[in-house]
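Visitor: Handing you this structure, nothing more for now.
The values are calculated or read from the model by the stated rules, or taken from the named source; none is laboratory data. Note that the structure is predicted; figures quoted are calculated from it, not measured. FYI the Cβ positions are ideal-geometry reconstructions off the backbone, even for glycines, and counts take in every protein chain you see. For the accessible areas, the whole protein counts, side chains as well, though only heavy atoms, and no ligand, DNA or RNA atoms are used. Shrake-Rupley method; radii C 1.70, N 1.55, O 1.52, S 1.80 Å.
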Amino acid sequence: IFIHAMVSDGKGNAPPPGVDKNPPPPPPPHEQKAPPPPQDPKHKAPKRPPPPPSFFAHRARKFAAKSLRFGTTVFGIALAANVASHYYEHNQVDDFFGNSDSSNDKEGSQSDDKPKANKSKKSVLVLPFQNLKVVERRSGDLDDLKRLGPSRDKQPTIVLEAKELVKIIHTAAADPNITALHADFGEGMRFPCGLGHMEEIRNAIRVFNESHRAHRDPNINHNPVFAMPRNGDPKPSYAFGHSFQWNEYFLASSFTYVHLQSRGALHLFGVTASNTFFRSALNKYGIKAHVFKHGDYKTAPNVFTEDKYSKQHLEAVKSMTASLNSTICSCIEKSRDLNFDSVMWKSIFDYGSLTSANSAEIGLVDSLFPVDPLLSLLHTNKEDAAAAGDEQKTEDTKDLTKAKKAKLEEIFGLNKSFDKFVATEQVSLVKYHEMIKKKAKLEERRKYFTKLAESSTAASFILSTIGLAPREVKLLPSKVEKVAVVTVDGSIGSALSYETIEALRKIRADDAVKCLVLRVNSPGGSVISSEAILEELKILGKPIVCSMSNAAASGGYYISTSCEKIFANPTSITGSIGVFGVKFDASKWAKGYGIRTDYYPHGSHAASLNPLVPLTPGTKDNITRMVAGFYDYFKNIVATSRSMSVDEVEQVAQGRVWTGEQAKEVGLVDRLGGLDRAVSYAKSTHTKSEYVDVEYWPRKKGLWDFISGKESLAEIISVAVSLAKNSSDDTDSILHLFNEMSELKFADRPHFMLTIDEKTALDLILGGD
């Protein structure tokens, strides 16, 4: 106790650890310092002034702190908005498709013991063919911008790519909520549709009609649901129109039932080909066109040199139209289960317009209605569905429903074609397309979040907690294989060549791309531009498969020779292996107006392209030699590509145009089928992964490309003009021809052409693209 008191503070508390228990003794008195004198409180000692603060540094620190807080707030708001948008779009898609596969990315937010109920709907998808414009490729947001402007027509216009429409129909076939298809042809299709596109649409409708069974051929996006067996009954499809032309009926006949307006008619006159000739018009103005061509059947330049069909031209047209007619008749017979022979078809063609009664009598249509019965049927089915769910339904309500049905049968004379029509609501094509795009967008987002969740456990926990990734992450392959689809759409000139080559170079640099599908929808064009695309394809270093659309002729076939397999629709136009060049001589026209041209060339051919300079023997020999060289090279690359001799190629060349079915017979095409078959072949032959992405090139242009100045001023002006002007392409071409002639603005470089299209030839000759 004594020792504890000695080392304590007198209160029994021991010193803290680290403090010496035996403090040193105090210093002697002489060494102790005197305490400082007391200071007067009125006179304080001056403080040392602090260093002057940096004004800019202070403001910078303050601004940085505010910026950090603001940036954090904005980031949080943006993140919350994105998550909310994701949930909103997910719920929207989920409600629309009735708990479809899009709910997979919500697995993390739903318990396994409480699955979401499947709300099955009964809807009919409406295809408004009367206002539908089917194209090979839309350029992007500008197409939507053009439709915003004033139009002479008050009817809406819907623009869809052929592959988009095919995908929509395939999706509807697998969608349990879509119970039927209804096509509205109205008074006819306002926009012409190519026969190749029609065949692909017909095949998609066949898939819908046979949705109860498995299909070997998947759709364009290769949805695995199309490789799975189906159950249940086939889905019905209906087509209604006030009248049908030959091509329109070709498409309508693929539907299960074809309905015609009671006073309507079928104008089945067969395939017709027409050409316009300008020889007399050119002679009237004193202009002569000198044509140099290889191939007796290279008839595109005949527009300048003939007044009517030549012998070879008429022979080619007869052969092509006969093949197309035979294919269409065969397809109609198969779809409608008819047994018409050639005599019967000729009688139909020669008879003229068939009345509705005639059409129903011979089995070309199923029923005759005064108006489209769709809305009335939907209303009746909806009332029946509502009444069936009402257990307290009175006898008066039952009698009222029966009376409405009797009235409906009295108006439309309903038959068995509507026995399987159970839809209670309709879905527009635009709405369905929009929801498919949203579903695809959500699927891409889900893949991204799943890939992100694989990176770490923390990321997986966070993303699964907020429902952006499934709790059990299914590992995706580190490298996804791709199939690239490059579309060559339109006349082949410098602009299309530049765009295609740019896409091919990006594809060549992408190691994930295992195969290229070259989608060709072109009548041809310039030799130089076609050669530029072909050479780029040769050095691609990847297997190439070709899919021919409406046409892949001349220059279109030229670039297809680089492909290991060529797919074409039976009605595709191809071949036309030949070359021609044109030299215009307007010296007589100039002389008539007192115009004289003088020149001093440093070479024999320096002024040969001037339209006011007559054709000289030297110029004639030069152009003849060039055309012959191009033609020989064309035959050689075809012989190498198709494993044929040059003599065998000569038999099918000479500028001869073939349909896809004929081209397969003569060895210019490997298989018949559309884009889906070509992509399916590319995937099955050149990829090994279960996950294969299909990319489409060139990329569609957005509004940002125009805002940022990535597009030419001429293109923007053309959009502005299109908002106020709506004219025919053929009329524009003819007016453009004479306008250029009057101003003497012919091309300033030689054009050797690979084309079957007169409009393309005119554009090239007049210095266009």
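Visitor: Looking at the range 276-325 only, could you name the residues that are of a type outside the set (A, V, I, L, M), over 27 Å from Leu615 (Cα atoms) and in contact (Cβ under 8 Å) with a residue 40 or more places away in the chain?
Guide: Passing the criteria: Ser319, Thr321, Ser323, Asn325.
Visitor: Does Glu535 fit the bill of being under 23 Å from the mean Cα position of the chain (by Cα), open to solvent by 60 Å² or more (accessible area, probe 1.4 Å) and modelled with pLDDT of 95 or more? Walk me through it before giving the result.
Guide: Numbers: under 23 Å from the mean Cα position of the chain (by Cα): no; open to solvent by 60 Å² or more (accessible area, probe 1.4 Å): yes; modelled with pLDDT of 95 or more: yes.
Judged against the criteria, Glu535 is not a match.
Visitor: For the range 488-521, give me each residue that is touching a Phe, Trp or Tyr at 6+ places or on another chain (Cβ under 7 Å) and more than 16 Å from Ala682 (Cα to Cα). Spell out how you get there, then give the answer.
Guide: The initial filter retains those residues of the range 488-521 that are touching a Phe, Trp or Tyr at 6+ places or on another chain (Cβ under 7 Å), namely 503, 507.
Selection gives Ala503 alone.
Visitor: Then there's this: Run down Phe244, Phe255 and say which single residue is in a loop (DSSP other than H, G, I, E, B), at pLDDT 95 or above and open to solvent by less than 50 Å² (accessible area, probe 1.4 Å).
Guide: Working: Phe244 fails: in a loop (DSSP other than H, G, I, E, B).
Sole residue among the options that is in a loop (DSSP other than H, G, I, E, B), at pLDDT 95 or above and open to solvent by less than 50 Å² (accessible area, probe 1.4 Å): Phe255.
Visitor: Going through Gly594, Gly655, Gly667, Gly674 one at a time, which residue ends up being of a type in the set (Gly, Ala, Ser) and out of contact with any Asp or Glu (no Cβ under 9 Å at 6 or more places or on another chain)? Break it down stepwise before answering.
Guide: Values: Gly655 fails: out of contact with any Asp or Glu (no Cβ under 9 Å at 6 or more places or on another chain); Gly667 fails: out of contact with any Asp or Glu (no Cβ under 9 Å at 6 or more places or on another chain); Gly674 fails: out of contact with any Asp or Glu (no Cβ under 9 Å at 6 or more places or on another chain).
So the residue among Gly594, Gly655, Gly667, Gly674 that is of a type in the set (Gly, Ala, Ser) and out of contact with any Asp or Glu (no Cβ under 9 Å at 6 or more places or on another chain) is Gly594.
Visitor: Ok, one more. Just checking, which of Ala653, Ala663 is out of contact with any strand residue (DSSP E or B) (no Cβ under 7 Å at 6 or more places or on another chain) and crowded, with 19+ Cβ neighbours inside 10 Å?
Guide: Ala653
Visitor: Name the residues in the range 276-288 that are surrounded by fewer than 18 Cβ atoms within 10 Å (Cβ to Cβ) and touching a helix residue (DSSP H, G or I) at 6+ places or on another chain (Cβ under 7 Å), would you?
Guide: Residues of the range 276-288 that are surrounded by fewer than 18 Cβ atoms within 10 Å (Cβ to Cβ), as a first pass: 276-277, 279-281, 283-286.
Once the filter is applied, which keeps residues that are surrounded by fewer than 18 Cβ atoms within 10 Å (Cβ to Cβ) and touching a helix residue (DSSP H, G or I) at 6+ places or on another chain (Cβ under 7 Å), the range 276-288 yields Thr276, Phe277, Arg279, Tyr285, Gly286.
Visitor: Now for a separate question. So which helices (runs of 4 or more DSSP H) stay within the range 327-421 end to end and still have 2 or more residues that are at pLDDT 70 or above and within 25 Å of Ser123 (Cα to Cα)? Before the answer, list the steps.
Guide: Values: elements: 342-351, 356-361, 374-388, 395-412.
Output list reads 374-388.
Visitor: Select from the range 294-321 the residues that are modelled with pLDDT under 90 and open to solvent by 60 Å² or more (accessible area, probe 1.4 Å) and list them in ascending order.
Guide: His294, Asp296 - these are the residues of the range 294-321 that are modelled with pLDDT under 90 and open to solvent by 60 Å² or more (accessible area, probe 1.4 Å).
Visitor: In addition: Filtering the range 580-606 down to residues that are aliphatic (A, V, I, L, M) and within 23 Å of Gly629 (Cβ to Cβ), which residue is least open to solvent (accessible area, probe 1.4 Å)? Can you show your working first?
Guide: Step one: list which residues in the range 580-606 are aliphatic (A, V, I, L, M), which gives 582, 586, 590, 595, 606.
Going one step further and asking which of them are within 23 Å of Gly629 (Cβ to Cβ), we end up with 582, 606.
Details: Val582: 31, Ala606: 77 Å².
Once the filter is applied, the top-ranked residue is Val582.
Visitor: Limited to the range 488-525, what total is found for residues that are outside any helix (DSSP H, G or I) and open to solvent by less than 10 Å² (accessible area, probe 1.4 Å)? Can you show your working first?
Guide: Step one: of the range 488-525, the residues outside any helix (DSSP H, G or I) are 488-493, 509-525.
Narrowing the set further to residues that are open to solvent by less than 10 Å² (accessible area, probe 1.4 Å) leaves 488, 492-493, 513, 515-520, 522, 524-525.
Qualifying residue count for the region: 13.
Visitor: Still on this model: Under 8 Å between Cβ atoms, which residue pairs at least 6 apart in sequence (or on different chains) link something in the range 58-81 that is free of Cβ contacts under 8 Å to residues at least 40 places away in the same chain with a partner that is among the small types (Gly, Ala, Ser) and part of a helix (DSSP H, G or I)?
Guide: none
Visitor: Let me ask something else. Give Ile559, Ile566, Ile577 a once-over and let me know the one that is surrounded by 24 or more Cβ atoms within 10 Å (Cβ to Cβ), part of a loop (DSSP other than H, G, I, E, B) and either within 45 Å of the chain's Cα centre (by Cα) or of a type outside the set (D, E, K, R) (or both).
Guide: Numbers: Ile559 fails: part of a loop (DSSP other than H, G, I, E, B); Ile566 fails: part of a loop (DSSP other than H, G, I, E, B).
Of the residues listed, the single one that is surrounded by 24 or more Cβ atoms within 10 Å (Cβ to Cβ), part of a loop (DSSP other than H, G, I, E, B) and either within 45 Å of the chain's Cα centre (by Cα) or of a type outside the set (D, E, K, R) (or both) is Ile577.
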